[in-house]
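> Structure in C-alpha cells, see below.
Here, each number is a calculation from the coordinates, and none is a lab measurement. Source: prediction; values computed, not measured. FYI the Cβ positions are ideal-geometry reconstructions off the backbone, even for glycines, and counts take in every protein chain you see.
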Amino acid sequence: MTTPSASGFDQARLRETIDAFRSSGTRAHTSEFDIPPDLATADAIQRSATLSGSIANAWKVAKSPTGIPVISRLHPFVSSAAEQALSWRPGMLLEIEIAVRLKQDLPPGPQYDRDDIVNASDAVFVGAELVRSVALENGKVSFPLFLADRMGNDGYHLGPAFSVSRLDQMQTGDLTILHGSHTLFAGRAKHANGDCLGWLIDFANLSTRDPQSLQGGAVVTTGSLCGAIALPSEGQIQVTVAPDITFRFSVLLPHTS
C-alpha cells in the first residue's frame, strides 16, 4: 500500500513506476507519468531510489529551467581503472564533463566563491555521463519528472585526473569524441554556464539544500562541455580533451537472462 505525500501526490507510486521503466529499459512520453508538483517533491522521489553496487557519494549538478540548482546521484559510477563497461540502450545520450572531488565538507550557510570550491577540491577529472530518462522528452516537458528520474543519469565513467591549474584550458579547449572510427564531436569545449564550476557554486550557496550534501570525498560532475550527443549504438568511446589526456570506455547492450 502506498501513502501519498502531504501535498496529496503519491510519491511511492511514481517511484515504483520509474523503477519499473528503468528495470525494463522501456520509455514513455511525459504525459503518461504522474508529474511531481514541485522540485522538492521530485527531489524526495529521486532520493528514495535504491541504488546498489555503486558509490553513494557521486553526484551531478545542474540548474532547472527556472534557475534553481539541483543535484542527482550518479549510478552506476565507474572509473577508468576498473575497465568496466556501461550499458547502452536506444535513445542514450553522451555528455563529456569536468568533475571535482571535494576534500572537505561545504556546509550550507557560508557564501562560497569559485576560489572556495577550487580550494576545497583535491582532484579534478574529465568524465563521461550517459543520459537516458524514462521520459522520451527527457527534461524538455517536465523538469520535476526529469529530476525525480535523477535527471536521466544512466551511468558515469570517471576518466583521468588533471591539474586544477589546467581547468580553464580543459573547459574551453579542443574536444574530440570518437565512437569506434566515427567522429561524434570535434570542436571547442563549451559549458552552458560559461564556467563549468558555476552551477556547483550556485548549489553550494543554496540555503535550502540538504545539510549532508557536498561532503568531503564527494565527486561532483559539473555539466556537459559538448551538449548532449546521441549514441547510435554500442561500442567503444574515445575522448580526447588535450594532447596528453585521452580516455576510452565501452558501452554495451545489457545482458538479458
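> Using +1 at the C-beta of Lys and Arg and -1 at the C-beta of Asp and Glu, which of Met170, Gly159, Gly223 has the Cα lying farthest in the positive direction of the dipole of the chain?
Sorting the options by dipole projection puts first Gly159.
> Another question, then. Taking +1 at the Cβ of each Lys and Arg and -1 at the Cβ of each Asp and Glu, which of Pro36, Ser64, Leu214 sits farthest along the dipole of the stretch 11-252 towards its positive end, judged by Cα position relative to the Cα centre?
Ranked along the dipole, the leading option is Pro36.
> Give the aspartates and glutamates whose C-alpha is closer than 12 Å to that of Lys60, dropping any in the same chain fewer than 8 places away, or say none.
Leaving aside aspartates and glutamates fewer than 8 places away in the same chain, those within reach of Lys60 are Glu95, Glu97, Glu129, Asp154.
> Modelling each spin label as a point 7 Å along the Cα-to-Cβ direction, I'd like the Leu253/Val141 distance in nm, to one decimal.
2.8 nm
> Below 8 Å, C-alpha to C-alpha, sequence gap of six or more: please give me the relative contact order for the chain in percent.
Over the chain, the number comes to 27 percent.
> Okay, moving on. Taking 0.36 nm per intervening residue step and subtracting the Cα-Cα distance, what contour gain separates His182 from Asn119 on full extension?
Stretched out fully, the His182 to Asn119 stretch lengthens by 18.8 nm.
> Suppose every Lys and Arg Cβ carries +1 and every Asp and Glu Cβ carries -1, with no other charges. What dipole size does the stretch 189-254 come out with about its Cα centre, to the nearest 20 debye?
That gives a dipole near 60 debye.
> List residues of the stretch 78-93, by number, whose backbone nitrogen lies under 16 Å from a label position 7 Å along Cα→C-beta of Leu51.
78-79, 86-87
> Only Cα pairs under 8 Å and at least 6 apart count here; give the relative contact order of the stretch 1-148 as a rounded whole percent.
30 percent
> Another question, then. Would you tally the net charge around Ile117, using a Cβ to Cβ cut-off of less than 11 Å, leaving Ile117 out, and scoring K and R as +1, D and E as -1?
-4
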